[in-house]
Amino acid sequence: MNRARLQTNPRRLPLRREPLFLSLARAARPRLAHLLLSAAAVLAAQPDNPATVAANARRAMAEGRFAQAAELYGKLYPLAPDDFGMLVNLGMARSLAGRHAEAVEPLAKAVAKNASAFPAQLFLGSSYFSLGRFDAAAKALEAAAKLNPQHAPARRMLGAAYAALERPGGALPHLEKLTALEPDSPGAWAALGKAYAALARQAFAALEAAAPESAYMLQLVGDIRFSAAQYPSAFYLYRQALEREPGRRGLHAAIAEIYRRTGRDAWADVEQAKEAALAAIDCATERFACLFAQGKLDELRRAAAGLDSAEGRYWTAQACNLLAERAFARLEGMPPSAAVHIARAEVHKEMRRFDAAAEQWAAALALQPADADLEAELAGALYQSRQFDKAEPRLRALLQKFPREAEWPFMLGDILLSRQQAEEAAPLLAKAVKLDPDLLPAHHALGRAYAQAGRDADAIPHLEKALPLDDDGSLLYQLAQAYRAGGDREAAAPLLERYRQIQTAQRRAAEEFRGDIRITAPDQAP
């Protein structure tokens, strides 16, 4: 586990907040009745009148007593192990009872016999999904969605499966269909917005890898800095983009807006005039820019996605960013409800706005008190936003409720460590790394706790384990200090030298950058 996993714990996938088993059972009920009657006909000819057991199983399924139904079908299965109806009934009962690992075998056999059986494909996909086998889940659920295109739970699970696989392009058509099927569903719009945002990030990363110094890349990064009100940095990036493409649209207008926001209206007028002097868009030769100007973002996204170039990646990122904003905006117009607050919180968490996420989780929890998932999400958001006084009592309660999960002792121990309470923090952090040896932030925190407590020899292996987290040399320095405190200056020396080299390089880069990011007048700019 790492910090990213602390934000997207699979134990708390949004699907768990919806009564999925009920919707699946309702969707399958018309065909389920036929399958149950078919199985009963086979069993009626068996000794000891197993048809009575089949009738009890049918009744248990109809009344939602899935665990009992699974037991009854398990007794009947050896009498008709190759009957299609029996395979589906047993698999569905086990799936609905939460016995997903046991459900896979009969459902897979049923699909092998008849790939056009919607309930078999649906429940096979659902079981694979619950087991975390997202590739297999997507395959079965794709088949289910083709057999029943109007089935919302299949689309919802497909979106979540592809999201878990980090394949937002696969999720997108299903989430678009889901919002058409459930236009008032906050979860559907949140998932769609996150898929668009993920596609934008993928396009950005591909552009950065292929053309990091291009005008396309500089403009995108400038837009990000502008959105964060980092105006000098955005100004510098826009000017760099103009150096590469002097006639590039949008750059003079962006610089004009920076001037206005920093109280330089006269300079803004100069830049706005430069933007107005550019030639009008020629839709015959500038298709992407034309689609963007016309607001045809879906068409732009599809067209740009097929172009393997810096231009295609740039327009994909631009279109998907705006499509994500449109989807998220739908949440803001919905009346308050637990589902709406949950969807908003998920969006804020995705954007790493943890303080805003905490507010939404708290609002959802007020409407659904004692919801364990919401309690966990709220505690995590409070910790991530460094609202430690509010987070601590919630983390202590979660540690009591879920003693086998590593994230709660880690967060609680890290809070105590931030208060210089190393002795109290160390046992909690030790528990966290024991529960999850791959939780590198916990190893880092435990190493720091041991070092603060004077247990330098104990600190060293944990700081070494956490070294992959080091992005600024600080962990190297902490490890070197632990070696020195333990008397091993020979081991500390090369670590300190690497730390000094990193610090020197970062300081020079920062000084050079600061020297270039002054907001200058139009006639002084490059």
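Just so you know, all these numbers are worked out from the coordinates, no wet-lab data involved. Predicted model, so just to flag it, every value in this text is computed and none were measured. Glycine gets a Cβ as well: all are built from the backbone with ideal geometry, and neighbour counts include every protein chain shown.
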Gyration tensor (alpha-carbon) shape descriptor, segment 369-516, a/c threshold 1.5: oblate
Cys residues of the chain counted as unpaired, since no other Cys beta-carbon is under 4.7 Å: C320
Sequence-distant lysines (8 or more away, or on other chains) whose Cα lies within less than 23 Å of K75: K109, K113
Label-point separation, R518 to M334 (7 Å along Cα→Cβ), nm: 5.0
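Taking a 26 Å limit on the Cα-Cα distance, which of the listed pairs K139/K194; K401/K431; K139/K349; K390/K431 fall beyond it?
Over 26 Å apart, Cα to Cα: K139/K349.
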Gap separating the Cα centres of segment 225-256 and segment 346-371, nearest whole Å: 35
Potential lengthening between D265 and L181 on full extension [0.36 nm per residue; Cα-Cα distance subtracted]: 25.4 nm
Proximal charge balance of A198 [Cβ under 11 Å; K/R count +1, D/E count -1]: +1
The chain, helix-only ellipticity at 222 nm - DSSP H runs n ≥ 4, -39,500 (n - 2.57), divided by all residues, nearest 500: -24000 deg cm²/dmol
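Can you tally the net charge around K146? Count Lys and Arg as +1, Asp and Glu as -1, for every other residue whose Cβ sits under 14 Å from the Cβ of K146. Before the final figure, lay out each step's value.
On the way: positive: K139, R155, K177; negative: E142.
After counting each charged neighbour, the total is +2.
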Rounded Å value of the spacing that divides the Cα centres of segment 83-146 and segment 173-195: 24
Chain lengthening between A276 and R404 when straightened (0.36 nm per residue, less Cα-Cα): 39.8 nm
Prolate/oblate/rounded label for segment 146-208 (Cα gyration tensor, a/c 1.5): prolate
Pairwise label distance in nanometres, N148 with R244, each label 7 Å out on the Cα-Cβ vector: 5.0
Estimated distance in nm for a label pair at D472 and R352, the labels positioned 7 Å out from Cα along Cα-to-Cβ: 1.2
Potential lengthening between K296 and R500 on full extension [0.36 nm per residue; Cα-Cα distance subtracted]: 68.3 nm
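Count charges around E105 for me, please; just the other residues with Cβ under 15 Å from its Cβ, Lys/Arg as +1, Asp/Glu as -1. Don't skip to the end; give the middle numbers.
Values: positive: R94, R99, K109, K113, R133; negative: D82, D83, E102.
Result for the local shell: +2.
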Listed residues A205, S474, L72: farthest to the positive end of the dipole of the chain (Cβ charges): L72
Cβ-based exposure ranking for T316, T285, T179, in which fewest neighbours within 10 Å come first: T285, T179, T316
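Of the listed peptides 234-246, 302-314, what is their order by residue-averaged count of other C-beta atoms within 10 Å, with the highest listed first?
On the way: 234-246: 20.1, 302-314: 16.7.
The peptides rank, most packed first, as 234-246, 302-314.
Could you compute the FRET efficiency for A112 and A209, with r as their C-beta to C-beta distance and R0 at 51 Å, rounded to 0.05? Show your work: numbers first, answer last.
Working: r = 42 Å, r/R0 = 0.82.
That pair, A112 with A209, gives E of 0.75.
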Relative packing of 428-439, 464-475, 189-200, which averages over residues the other C-beta atoms within 10 Å, highest first: 189-200, 428-439, 464-475
Gyration tensor (alpha-carbon) shape descriptor, segment 320-368, a/c threshold 1.5: oblate
Protection-proxy order for peptides 377-390, 481-494, 119-132, each taking the mean of Cβ atoms within 10 Å per residue, highest first: 119-132, 377-390, 481-494
